[in-house]
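Contents: one structure, followed by commentary.
The values are calculated or read from the model by the stated rules, or taken from the named source; none is laboratory data. The shown structure was predicted, so the numbers you read here are calculated from the model rather than taken from an experiment. No Cβ is skipped: glycine too gets one built from the backbone with ideal geometry, and neighbour counts run over all protein chains shown.
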Amino acid sequence: MSALCNSLPAFGFLTVVEDEQHGFFGGYLVLSELGRPLEFHCSTPVLPSKAQRILYGRTLRSFVLGELIGQTLVQKTQLPVQVLLTDLEEMLGVGLFWRGDLAWVSRCREPVPNDLTQSSSAPTTPERPSLAVDDYQLTGSSTCCWSPAALNEVLTPLVSYVDLAEPFERIREAIQEAQRATEHSAAEVNDHSAAA
């Protein structure tokens with residue numbers, strides 16, 4: 001990447017695709033404020049062992065998503081981001097290792113006016129900051145220290161070009177395409193082996 005890319009505002013999107021057979025595949029997409037991809041990383045599959053399932057119990061998903069996959073993907077990135085967004089609440093565990101602004105993006109239950117300045121003044125709980133943006137609710141973890149007004153200002157350029165749920169769909173499609181390509185390559189290798 002050029003030095004110019006390093007100076008552009010960038011936004012990170014982090015999600016996971018779960019596959020019954022292979023486990024969890026993570027994806028991390030960094031976008032410009034215009035919604036153009038600047039960087040992309042995906043993880044190898046993570047399939048928790050039976051022992052991990054027993055030991056971690058209900059905390060297994062947050063451990064795998066936030067601490068294993070999320071941390072690894074965020075550390076691989078070359079570009080600094082202004083905010084890291086995820087569509088999975090369990091991914092907020094990455095905040096234990098990453099000190100920037102981090103928010104979970106979820107659909108609002110009730111319609112919110114299409115006005116970025118509309119923000120909730122009261123957080124979801126006293127420890128968790130919260131912000132309404134268009135049709136979405138952004139919620140931080142208990143370790144987050146962003147203010148709704150500051151996050152609102154950071155996101156203003158991005159949300160004029162990008163629906164906040166759309167980059168997560170891009171990531172899922174890219175992961176599925178990588179899986180198909182891998183399966184196709186494996187099938188070709190098996191065909192060549194059988195022919196030999």
Among (1) over 18 Å from Thr143 (Cβ atoms); (2) among the hydrophobic types (A, V, I, L, M, F, W, C); (3) outside any strand (DSSP E or B), there is one condition Phe63 misses while meeting the rest; what is its number? (1)
Does Pro48 fit the bill of being touching a helix residue (DSSP H, G or I) at 6+ places or on another chain (Cβ under 7 Å) and modelled with pLDDT of 90 or more? yes
If you check Arg172, Arg180, which single one turns out to be under 18 Å from Gly27 (Cβ atoms) and at pLDDT 95 or above? Arg172
Can you find a residue that is crowded, with 21+ Cβ neighbours inside 10 Å and not in a loop (DSSP other than H, G, I, E, B) anywhere in segment 50-60? no
Can you name the residue in segment 1-32 that is over 19 Å from Leu88 (Cα atoms) and modelled with pLDDT of 95 or more and is also surrounded by the most Cβ atoms within 10 Å (Cβ to Cβ) among such residues? Ala10
Touching a helix residue (DSSP H, G or I) at 6+ places or on another chain (Cβ under 9 Å), touching a residue at least 40 places away in the same chain (Cβ under 8 Å) and farther than 27 Å from Val159 by Cα, is that true of Val94? no
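Of the residues that make up segment 81-95, is at least one loosely packed, with under 15 Cβ neighbours inside 10 Å and not in a strand (DSSP E or B)?
Looking through segment 81-95, none of the residues is loosely packed, with under 15 Cβ neighbours inside 10 Å and not in a strand (DSSP E or B).
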If I filter segment 108-124 for residues that are surrounded by fewer than 17 Cβ atoms within 10 Å (Cβ to Cβ) and at pLDDT 90 or above, do I get at least one hit? no
